[in-house]
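Enquirer: Encoded as structure tokens, here's the structure I'll be asking about.
The values are calculated or read from the model by the stated rules, or taken from the named source; none is laboratory data. From a predicted model like this one, the values you see are computed outputs, not experimental measurements. Note that we place each Cβ from the backbone using ideal geometry, even for glycine, and neighbour counts take in every protein chain shown. All accessible areas refer to the heavy atoms of the entire protein, side chains included, with ligands and DNA or RNA removed. Shrake-Rupley method; radii C 1.70, N 1.55, O 1.52, S 1.80 Å.
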Amino acid sequence: MANRFSRRKSVAAEKYDPDADEDDDGEKTVIYPKSDAQRKSLTEAVKDILLFKALDIEQMQEVIDAMFEKKVEPGDHIIDQGDDGDNFYVISSGTYDIFVKTDSGDKCVGAYVDKGSFGELALMYNMPRAATIVATSTGSLWAMDRATFRRILMKSANKKRKMYEALLEGVPMLQTLESYERMNVADALQPMTFEDETIIKQGDPAEGMYFVEEGTVAISVRKESGGEQEVTRLSRGKYFGELALVTQMPRAATVTAIGKVKLAYLDVQAFERLLGPCMDLMKRNAVHYEDQLVTLFGSGANLSDS
């Protein structure tokens with residue numbers, strides 16, 4: 001059967017400059033209606049795709065809004081190996097065979113059954129399609145066109161970097177970093193949102209540190225007599241969680257979101273790789289924090305309390 005999906009043969013790849021696209025925020029956003037069940041299904045389908053992991057909740061909703069439905073019939077070629085990418089697809093229903101070209105002809109190397117996604121790499125990197133996908137049953141796909149995909153993902157990534165760079169510039173600890181080093185830290189940050197819940201718990205192992213992007217968090221420590229005491233609160237531009245990474249000890253305090261809080265998270269691997277120049281300052285801060293605990297509780301034991 002002929003391919004019913006509009007495709008383009010390989011041409012010189014167009015470039016997208018997110019900096020030149022700063023003025024389109026007033027454009028009317030295209031929204032394709034979906035049921036709550038469909039939205040939930042789409043969110044589950046894309047949440048583990050690397051390109052989507054860096055999106056915050058609002059950006060993810062924009063992606064879901066922009067996806068449109070395509071019905072397929074048996075024999076339809078959804079994408080063909082070697083063609084330029086036009087759409088990114090998430091499977092809603094149906095079965096699909098995956099073919100790659102070999103010296104002896106097309107070879108079926110796998111199949112999708114009622115779930116899966118494909119096409120994102122061709123859209124992001126201007127790469128030709130690496131395989132052919134053929135429907136083997138009636139089915140339904142959710143698709144996002146090339147222009148929308150690149151605008152949402154690349155522009156939001158660019159905005160994220162600029163936003164995090166501005167956030168990091170206001171962190172005294174990072175003043176020892178060169179501009180390009182702060183840029184690398186900004187690229188490594190992951191957005192997280194909490195609301196009236198525990199972010200880290202005293203005594204837990206440390207897996208990363210956090211920068212407060214929006215909102216307020218409360219820092220509390222356990223008293224030797226029992227119970228917890230709030231030590232301080234932190235708001236935009238402040239950070240926490242680095243102490244346990246520096247000392248390689250369990251969390252020294254519990255941190256709780258006061259209302260809704262947006263954070264930028266830096267995992268321990270990125271922390272060790274990118275924040276080496278700040279380590280001496282962070283170690284001095286660790287000593288200062290221990291002194292504060294001694295003043296408050298008469299003991300520094302809480303620093304390594306498990």
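Enquirer: Could you check how many residues of segment 37-65 are closer than 22 Å to Met127 by Cα, in contact (Cβ under 8 Å) with a residue 24 or more places away in the chain and among the aliphatic types (A, V, I, L, M)?
Expert: Result for segment 37-65: 5.
Enquirer: Then there is this: Restricted to segment 119-138, and to residues that are crowded, with 20+ Cβ neighbours inside 10 Å and more than 12 Å from Gln81 (Cα to Cα), which residue is modelled with the lowest pLDDT?
Expert: Leu123
Enquirer: Scan segment 34-56 for residues that are part of a helix (DSSP H, G or I), modelled with pLDDT under 80 and either open to solvent by less than 40 Å² (accessible area, probe 1.4 Å) or β-branched (Val, Ile, Thr) (or both) and report the count.
Expert: Number satisfying all stated conditions: 2.
Enquirer: Sort out which residues of segment 99-118 are in a loop (DSSP other than H, G, I, E, B) and either touching a helix residue (DSSP H, G or I) at 6+ places or on another chain (Cβ under 8 Å) or open to solvent by less than 50 Å² (accessible area, probe 1.4 Å) (or both), and write them in order of number.
Expert: Within segment 99-118, Lys115, Gly116 qualify.
Enquirer: Against the definition (open to solvent by 20 Å² or more (accessible area, probe 1.4 Å) and either within 27 Å of Leu50 (Cα to Cα) or touching a helix residue (DSSP H, G or I) at 6+ places or on another chain (Cβ under 9 Å) (or both)), how does Arg161 come out, yes or no?
Expert: yes
Enquirer: So for segment 80-87 (the condition being in a strand (DSSP E or B) and either of a type in the set (A, V, I, L, M) or open to solvent by less than 60 Å² (accessible area, probe 1.4 Å) (or both)), does at least one residue qualify?
Expert: Within segment 80-87, one or more residues are in a strand (DSSP E or B) and either of a type in the set (A, V, I, L, M) or open to solvent by less than 60 Å² (accessible area, probe 1.4 Å) (or both).
Enquirer: What pairs come up if the first residue lies in segment 109-120 and is under 13 Å from Ile49 (Cβ atoms), the second is of a type in the set (Ser, Thr, Tyr) and modelled with pLDDT of 90 or more, and their beta carbons are under 8 Å apart, counting only those six or more places apart or on different chains?
Expert: If the second residue must be of a type in the set (Ser, Thr, Tyr) and modelled with pLDDT of 90 or more, the pairs left are Gly116/Tyr96; Ser117/Tyr89; Phe118/Tyr89; Phe118/Tyr112; Gly119/Tyr89.
Enquirer: Quick one: Tyr96 ticks every box in (1) buried (at least 19 other Cβ atoms within 10 Å of the Cβ); (2) touching a residue at least 60 places away in the same chain (Cβ under 8 Å) bar one, so which box is it?
Expert: So the condition that Tyr96 fails would be (2).
Enquirer: Yes or no: segment 236-251 includes at least one residue that is in contact with a strand residue (DSSP E or B) (Cβ under 7 Å, 6 or more places away or on another chain), modelled with pLDDT of 85 or more, more than 25 Å from Leu55 (Cβ to Cβ) and outside any helix (DSSP H, G or I).
Expert: yes
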